[in-house]
Amino acid sequence: MSGHILTEVADGIARIQISRPEKMNALTLAMYAEIADALERAASAPDVRVVLIHGEPTIFSSGNDLADFMNPAWVGDDRPALRFLRAISTAPQPVVAAVNGPAIGVGTTMLLHCDLVYAGQTARFQLPFVNLGLVPEAGSTLLLPASAGYQRAAGLLLLGEPFSAAVAHQYGIVTEVTADLDTLAAATAAARKLATKPPAAVRLTKMLMKKPMAVAVADQIDEEIAHFDRQLRSAEAAEAFRTFSEDRSAYR
């Protein structure tokens, strides 16, 4: 256990907290595995009606821990990161997220699989995959154009620049922008409200909304990760990572 993923189930809500503030909540292989475990447990638990995901009060997640890309366990169909993506993209219950501070890389793409997302007004989002010589993941090359429109999505994915909570809301990534101090409370209130509703009706409604794109999303996740793996071992990614390690603002 990493000690950086905190979970609890109470009143029908499975809460998953990312807590690695010393590394800006960067996700390691162990953390991905623990989140995947929590999501898989929730999916099969009849008493869980909602999943709530959040980070620290001022940090959601700075994305994947870059050091883990060199770990042999990164590759393979059973890799923890892929287990996590498959679990969150197929979660039968509503998934609610509260976002404060940075949400970078997978910190943003995972939100495309959440049903309700509440973001603090100073939250900052970024999809810097191309800047690192990589390709986007989590089905984002399908889901983001669907929610934001192709040209808006292209601006976020190809330029890889930071964007605000207001833009995330405008582009359909975020449900509601709140005051920073109110974000978790707003997400928790929504989760509690969902937990009181007829559970079968909630699950079926989510299933019906997700069904038209479910197969396409699963296929896109698999194709993205295949390209991601190849790019990760490319000369341009090696150069981008070297530049990033020398100047951590260079990927912006």
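Each residue in segment 181-197 was checked for being surrounded by fewer than 18 Cβ atoms within 10 Å (Cβ to Cβ) and under 17 Å from the mean Cα position of the chain (by Cα), and 0 of them qualify.
The helices (runs of 4 or more DSSP H) found entirely in segment 182-252 that carry 2 or more residues being touching a Pro at 6+ places or on another chain (Cβ under 8 Å) and of a type in the set (Lys, Arg) are 199-232.
Just to be sure before I move on: is Leu6 aliphatic (A, V, I, L, M) and either surrounded by 20 or more Cβ atoms within 10 Å (Cβ to Cβ) or assigned to a helix (DSSP H, G or I) (or both) in the structure I sent? Answer is no for this residue.
Residues are listed down the side, and each one gets a yes or a no for (1) out of contact with any helix residue (DSSP H, G or I) (no Cβ under 6 Å at 6 or more places or on another chain); (2) free of Cβ contacts under 8 Å to residues at least 24 places away in the same chain; (3) polar (S, T, N, Q):
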residue	(1), (2), (3)
Leu132	no, no, no
Glu137	no, no, no
Ile173	no, no, no
Ala187	yes, no, no
Val215	yes, yes, no
Ile221	no, no, no
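On inspection, Ala179 passes the criterion of being in contact with a strand residue (DSSP E or B) (Cβ under 9 Å, 6 or more places away or on another chain) and more than 26 Å from Pro145 (Cβ to Cβ).
Tell me the helices (runs of 4 or more DSSP H) entirely within segment 68-180 that contain at least 2 residues that are buried (at least 19 other Cβ atoms within 10 Å of the Cβ), over 13 Å from the mean Cα position of the chain (by Cα) and modelled with pLDDT of 95 or more.
Details: elements: 80-89, 106-109, 140-148, 150-159, 165-170.
Qualifying helices (runs of 4 or more DSSP H): 140-148, 150-159, 165-170.
Taking residues in segment 20-37 that are over 20 Å from Glu8 (Cα atoms), and partners anywhere that are hydrophobic (A, V, I, L, M, F, W, C) and buried (at least 19 other Cβ atoms within 10 Å of the Cβ), the pairs with Cβ atoms closer than 6 Å and at least 6 places apart or on different chains are Met24/Ile59. Here segment 56-67 is the region considered, the condition is being without any contact (Cβ under 8 Å) to a residue 60 or more places away in the chain and aliphatic (A, V, I, L, M), and the residue that is surrounded by the most Cβ atoms within 10 Å (Cβ to Cβ) is Ile59. Scanning segment 25-40 for residues that are surrounded by fewer than 20 Cβ atoms within 10 Å (Cβ to Cβ) and of a type in the set (D, E, K, R) returns Asp37, Glu40.
Among the residues examined, Ala43 qualifies as surrounded by 15 or more Cβ atoms within 10 Å (Cβ to Cβ), modelled with pLDDT of 95 or more and under 20 Å from Val117 (Cα atoms). Among residues that are in contact with a His (Cβ under 9 Å, 6 or more places away or on another chain), closer than 29 Å to Pro198 by Cα and surrounded by 14 or more Cβ atoms within 10 Å (Cβ to Cβ), Ile16 is included. Output yes when any residue across segment 40-50 is on the phi < 0 side of the Ramachandran plot, over 15 Å from the mean Cα position of the chain (by Cα) and in a strand (DSSP E or B), and no when none is. Taking every residue of segment 40-50 in turn, at least one turns out to be on the phi < 0 side of the Ramachandran plot, over 15 Å from the mean Cα position of the chain (by Cα) and in a strand (DSSP E or B).
The values are calculated or read from the model by the stated rules, or taken from the named source; none is laboratory data. Quantities reported herein were computed from a predicted structural model and do not represent experimental measurements. Note that each Cβ is placed from the backbone with ideal geometry, even for glycine, and that neighbours are counted across all protein chains shown.
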